[in-house]
1. Please go through the stretch 47-70 and pick out each residue that is surrounded by 18 or more Cβ atoms within 10 Å (Cβ to Cβ) and closer than 18 Å to residue 11 by Cβ.
2. With 74, 96 as the choices, which residue is at pLDDT 95 or above, touching a helix residue (DSSP H, G or I) at 6+ places or on another chain (Cβ under 6 Å) and farther than 14 Å from residue 37 by Cα?
3. Regarding residue 35, is this residue out of contact with any strand residue (DSSP E or B) (no Cβ under 8 Å at 6 or more places or on another chain) and either crowded, with 18+ Cβ neighbours inside 10 Å or in contact (Cβ under 8 Å) with a residue 60 or more places away in the chain (or both)?
4. Spot the failing condition for residue 109; the list is (1) under 18 Å from residue 42 (Cβ atoms); (2) without any contact (Cβ under 8 Å) to a residue 40 or more places away in the chain; (3) more than 12 Å from the chain's Cα centre (by Cα); (4) surrounded by 13 or more Cβ atoms within 10 Å (Cβ to Cβ), and only one is missed.
5. Checking the structure you have, find out if any residue of the stretch 65-80 is free of Cβ contacts under 8 Å to residues at least 40 places away in the same chain and under 11 Å from the mean Cα position of the chain (by Cα).
6. Restricting attention to the stretch 9-28, report how many residues are under 21 Å from residue 49 (Cα atoms) and touching a strand residue (DSSP E or B) at 6+ places or on another chain (Cβ under 7 Å).
7. If we keep just the residues of the stretch 33-59 that are within 14 Å of residue 106 (Cα to Cα) and modelled with pLDDT of 95 or more, which is farthest from the chain's Cα centre (by Cα)?
């Protein structure tokens with residue numbers, strides 16, 4: 001099943017329109033602390049990708065801090081880890097979308 005993606009431009013539009021967003025950043029905490037997507041209408045979560053990869057081995061385990069029934073926009077530096085994490089979460093019944101190109105593309109977009 002193809003994963004839903006969100007381009008930096010689409011994400012920017014959602015933020016501007018005041019949409020309530022949940023952004024799941026799967027990078028390590030140090031990188032997250034240095035830079036992550038913020039905004040008044042954004043709930044930013046930082047859960048390391050290894051914790052999400054770990055779900056694959058534990059069938060019945062869930063991550064309590066991740067809300068179900070709301071779309072999670074998953075991001076990392078380039079989008080690769082986010083795509084893997086989103087695929088795992090999608091199989092667990094989470095609604096996910098991947099930020100295309102990750103934070104690298106997001107920063108590029110912001111420079112425009």
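The values are calculated or read from the model by the stated rules, or taken from the named source; none is laboratory data. What you see is a predicted model; the values in this text were computed from it and never measured. Heads up, the Cβs are rebuilt from the backbone with ideal geometry, glycines too, and the neighbour counts pull from every protein chain shown.
1. none
2. Values: 74 fails: farther than 14 Å from residue 37 by Cα.
Among 74, 96, only 96 is at pLDDT 95 or above, touching a helix residue (DSSP H, G or I) at 6+ places or on another chain (Cβ under 6 Å) and farther than 14 Å from residue 37 by Cα.
3. In short, yes.
4. Here residue 109 clears every test but (2).
5. Kept after step one, since they are free of Cβ contacts under 8 Å to residues at least 40 places away in the same chain, are these residues of the stretch 65-80: 65, 68-69, 78-80.
Pick out the ones that are also under 11 Å from the mean Cα position of the chain (by Cα) and you get 79.
The answer is yes; a qualifying residue exists.
6. So the answer is 6.
7. 35
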